[in-house]
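The values are calculated or read from the model by the stated rules, or taken from the named source; none is laboratory data. Just so it is clear, the structure is predicted and the values come from calculations on it, not from any experiment. No Cβ is skipped: glycine too gets one built from the backbone with ideal geometry, and neighbour counts run over all protein chains shown. Just the protein is used for accessible areas: all its heavy atoms, side chains included, with ligands, DNA and RNA removed. Shrake-Rupley method; radii C 1.70, N 1.55, O 1.52, S 1.80 Å.
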Amino acid sequence: LKIVLDPMIPIQSILAVLRDFEKKHQKTQITLISKYLSGGIEMLLAKEVDLAFVVWPKIDQQVTFFPILDLSMQLIISPKSTLFKLKSISEAELLDQPQVIIKDSAAKPTADKFGILEGGRHWDVTDAQTKKEIILAGMGWGSLPMHMVAQELAQGELFPLNFDAMPQ
């Protein structure tokens, strides 16, 4: 059984299901593949995997999908960032600092921008941990799932970035 999983999804929720499946089907070989954004749905449509757990499914008539959880994204900034010292942040100031973006892992990415503020500086990375470390270092800003940053928010290592003009 080949399964593609977007690493932004909390793995614990998927492992609970796989644990039950494995108990009932112990002879089934399971392969887990990680792909960000539209990479998972691309693999499913190409029939390279049997099942896909994706964050932003591109609605396609060829597949059936079921929502299994709500993924809460949090726009974040580090207190080490030069933007953090400002009382309010204008769009121009935000555009001047790098937005850290996870690059779509699909061979042919969709045109969807997934919360990218157009017209500004961007740093493209290939995984969430690198994105998080860059933001923690104060070298950029961006959004990550709440489950990935809750501890750092609670400890004051990261702070919510409140900016109303962000695309969804």
_Given (1) in a loop (DSSP other than H, G, I, E, B); (2) farther than 30 Å from residue 137 by Cβ; (3) open to solvent by less than 70 Å² (accessible area, probe 1.4 Å), identify the lone condition not met by residue 18._
(1)
*Within the group 117, 83, which residue is more than 14 Å from the chain's Cα centre (by Cα) and in a helix (DSSP H, G or I)?*
83
*Among the candidates 94, 117, which residue alone is touching a Pro at 6+ places or on another chain (Cβ under 8 Å), buried (at least 17 other Cβ atoms within 10 Å of the Cβ) and over 30 Å from residue 46 (Cα atoms)?*
117
*Answer from 55, 49, 100 - the residue that is modelled with pLDDT under 85 and open to solvent by less than 40 Å² (accessible area, probe 1.4 Å)*: 55
_Where residue 95 falls short, out of the listed (1) touching a Gly at 6+ places or on another chain (Cβ under 7 Å); (2) assigned to a loop (DSSP other than H, G, I, E, B)_ = (2)
*asked:* Checking the structure you have, find out if any residue of segment 34-43 is touching a Pro at 6+ places or on another chain (Cβ under 9 Å), open to solvent by less than 30 Å² (accessible area, probe 1.4 Å), of a type in the set (Phe, Trp, Tyr) and assigned to a loop (DSSP other than H, G, I, E, B).
replied: yes
_Suppose we keep only residues that are open to solvent by 20 Å² or more (accessible area, probe 1.4 Å) and either among the aliphatic types (A, V, I, L, M) or over 16 Å from the mean Cα position of the chain (by Cα) (or both) within segment 121-140. Which one would you say is nearest to residue 157 (Cα to Cα)?_
136
*Inside segment 15-40, can you point out the residues that are under 23 Å from residue 131 (Cα atoms) and either modelled with pLDDT of 90 or more or touching a His at 6+ places or on another chain (Cβ under 6 Å) (or both)?*
32, 33, 34, 35, 36, 39, 40
